[in-house]
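Peer 1: One structure is given below, represented as structure tokens, and several questions about it will come after.
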Amino acid sequence: MKRCVRCGLPETFPNIRFDDEGICNFCRAYRGKEKLEQAKEKFRNKFEKLLAEKKRTGGYDCLMAYSGGKDSSYTLKVLKEQYGLRTLALTMDNGFISPRTMENIRNVVENLGIDYILYKPRFDILKKLFGTAKDSDIYPPKTLERASTICTTCMGLVKFITLRLAIESGIPFIVYGWSPGQAPIEASIFKNNPSMIKSMQSVLLEPMRRIVGDDILNYFLTEEHFESPERFPYNVSPLAFLEYDEEKILEEIKALGWVKPEDTDPNSTNCLLNSFGIQVHRKRFRFHPYAFELANLVREGYMDRDEAIERLEAEDNEEIIRIVKRKLGIE
Ligand SMILES: [Zn+2]
């Protein structure tokens, strides 16, 4: 398979073009390390300024969408220790959290001293959603460049469940542990606004509603939520503008009792379903759903091209995939 000589993005990626030197259009459009560092500083300052304005005297300062993976565990530590924020962490249990991850979550929240909610949507609903999402294109094609349809379904629920809770509780920030490859710096801090959220919601909610009916409404915003625009929080992805060093991250969270699960694929440190989502996506579209994220990390100097390619070409873990399929009632 032909890949960009710089970032490793494959020829099967949508709208990719290579020049005579074998460098892709995404690398050609990249503005370089210096510009990135300037932007990071700008967003760091913006975050600190917002914190000074919005920090509360009572109640939580932020709601962390906590997957239990390495990046979000580390982000939780930064929120608590570097910024001193009163944080509520929430994990959505999609039915496929690795047992080791559940232990990691307990260790991290206990050791950091953080309030925590495990939110488990009805599994019969999730099963129908994942089972349908695996091989039908229910969302706009653009979403397929960044994630498998299964992953988009799961993350869509996480986004709206956390947003709903933040609005109801008046929490001013929702924090995500996206890596710099997942969250572009320009999108690392933004204020949710009702009209944007309304259109995002319909893109996700309408297809899900066709699959499972009105029971899906409990996980999304209602008219009542949209009537309080002043309660809409900011979304923040701190790892996009802070230092990001995978080795250092692993070392710091190890001290909190976090241990790398052995049963997840190399791109996830928390979710078993991910392996299946990746397999289906690769078969259908001939590129890995993490290709774009890893190419970004390579381009920005966070990862070697060889390591990215190794992760992208890793064999599927058939044993895990069998377990996932059985639980979803497939085959
Ligand atoms: Zn490239």
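Readers should treat all values here as calculations from the given coordinates under stated rules, not as data from a laboratory. Quantities reported herein were computed from a predicted structural model and do not represent experimental measurements. With ideal geometry, Cβ positions are generated from the backbone for all residues, glycine too; neighbour counts draw on all protein chains shown.
Peer 1: Stretched out fully, how many nm does the piece from E251 to K55 gain, at 0.36 nm a residue minus the Cα gap?
Peer 2: 67.6 nm
Peer 1: Which whole-number percent gives the relative contact order of the range 11-111, counting Cα pairs below 8 Å spaced six or more residues apart?
Peer 2: 20 percent
Peer 1: While we're here: Expressed as a whole percent, how much of the Cα-Cα distance distribution for the range 1-60 exceeds 20 Å?
Peer 2: 53 percent
Peer 1: Take every Cα-Cα distance within the chain, group them into 20 Å bins from 0 onward, and report for each bin the whole-number percent of pairs it holds.
Peer 2: 30, 62, 8
Peer 1: Which cross-chain or sequence-distant (5 or more) residues have an amide H under 5 Å from the amide H of Y116, H modelled 1.01 Å from N in plane?
Peer 2: A89
Peer 1: Here's another thing I want to ask about it. Please tell me which of these pairs span more than 29 angstrom C-alpha to C-alpha: K35/K142; K120/K325; K80/K127?
Peer 2: Over 29 Å apart, Cα to Cα: K80/K127.
Peer 1: Now for a separate question. How much mean residue ellipticity at 222 nm does the chain get from its helices, if each DSSP H run of length 4 or more adds -39500 (n - 2.57) and you divide by all residues, to the nearest 500 deg cm²/dmol?
Peer 2: -14500 deg cm²/dmol
Peer 1: Sticking with this one: Determine, for M64, M1, the number of other Cβ atoms within 10 Å of each Cβ, and report the residues in order from fewest to most.
Peer 2: M1, M64
Peer 1: With a ≥ b ≥ c taken as the square roots of the eigenvalues of the C-alpha gyration tensor of the range 246-316, please select rounded if a/c is under 1.5 and otherwise prolate if a/b is larger than b/c or oblate if it is not?
Peer 2: Oblate is the answer for the range 246-316, as a/c is 1.5 or above yet b/c matches or exceeds a/b.
Peer 1: Classify the range 135-277 as rounded, prolate or oblate from the Cα gyration tensor: take a ≥ b ≥ c as the square roots of its eigenvalues, call it rounded if a/c is under 1.5, otherwise prolate when a/b beats b/c and oblate if not.
Peer 2: Oblate is the answer for the range 135-277, as a/c is 1.5 or above yet b/c matches or exceeds a/b.
Peer 1: Now for a separate question. Over every pair of different alpha-carbon atoms in the range 96-205, take the mean of 1/r and invert it; report that Kirkwood radius in Å.
Peer 2: Every distinct Cα pair counted, the radius reaches 16.2 Å.
Peer 1: Determine which lysines satisfy two conditions relative to K2: a Cα distance under 19 Å, and not lying fewer than 8 residues away in the same chain.
Peer 2: Here the lysines satisfying the reach criterion relative to K2 are K283.
Peer 1: Can you give me the long-range amide H partners of I174? Hydrogens built in the peptide plane at 1.01 Å from N, cutoff under 5 Å, separation of 5 or more residues or another chain.
Peer 2: L63, Y234, N235, V236
Peer 1: How many percent of Cα pairs in the range 231-271 exceed 13 Å?
Peer 2: For the range 231-271, the share of Cα pairs beyond 13 Å comes to 68 percent.
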